[in-house]
Amino acid sequence: MTNEELKKLTDEELVHAEVRAERELCQDNLKHRMARLEDTSKLRRIRKEIARIRTFQREREIASGQTGGALRRQYLGTYGKSEGVVEQTAAPASKGFLKGLVDKISGRE
């Protein structure tokens, strides 16, 4: 996103953009470690985008007299609700090392 696009976003949209970018960074980091990421410069671009978004968040917090991270704390809980993400129902949870394997086998990934 460009700086102009970031300026036009609401506080809530700005926090959601940060969360989406962080998720994308985690996914691409995993792909990179598994040697499946073709464009490794993408990791750096995403990190810089996250830094830009956090800078805009902090500017808005300072302008409104809030403490650091106030916007994120305020709007982080609304991320899945406004994005249409469906929460998974609680299933019997496996513990420890086998949890990931059980989730893959049962399709709860």
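Using Cβ contacts closer than 10 Å as the measure, can you line up 34, 1 from fewest to most? Write down the numbers at each step before the final one.
Working: 34 8, 1 15.
Fewest-to-most Cβ neighbours within 10 Å comes out as 34, 1.
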Three semi-axes of the equivalent ellipsoid, region 3-85, Cα gyration tensor, whole Å, largest first: 26, 15, 10
Extended-chain gain in nm, criterion 0.36 nm per residue less alpha-carbon gap, residue 1 and residue 76: 25.0 nm
Contour minus Cα-Cα distance for residue 45 and residue 30 (0.36 nm per residue): 3.8 nm
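Report the full-extension gain for the segment residue 20 to residue 67: residue separation times 0.36 nm, less the Cα-Cα distance, to one decimal in nm.
Values: separation 47, 0.36 × 47 = 16.92 nm, distance 2.28 nm.
Separation in residues times 0.36 nm, less the Cα-Cα distance, equals 14.6 nm.
Which order, highest average first, do 52-59, 36-43, 19-26 follow once you tally other Cβ atoms within 10 Å for each residue and take the mean per peptide? Numbers along the way, then the final one.
Details: 52-59: 17.1, 36-43: 11.4, 19-26: 15.5.
Sorting 52-59, 36-43, 19-26 by mean packing, highest first, produces 52-59, 19-26, 36-43.
Coordinate-derived values only; no laboratory data. Quantities reported herein were computed from a predicted structural model and do not represent experimental measurements. Counting neighbours? That spans all protein chains shown, and the Cβs are built from the backbone with ideal geometry, glycine included.
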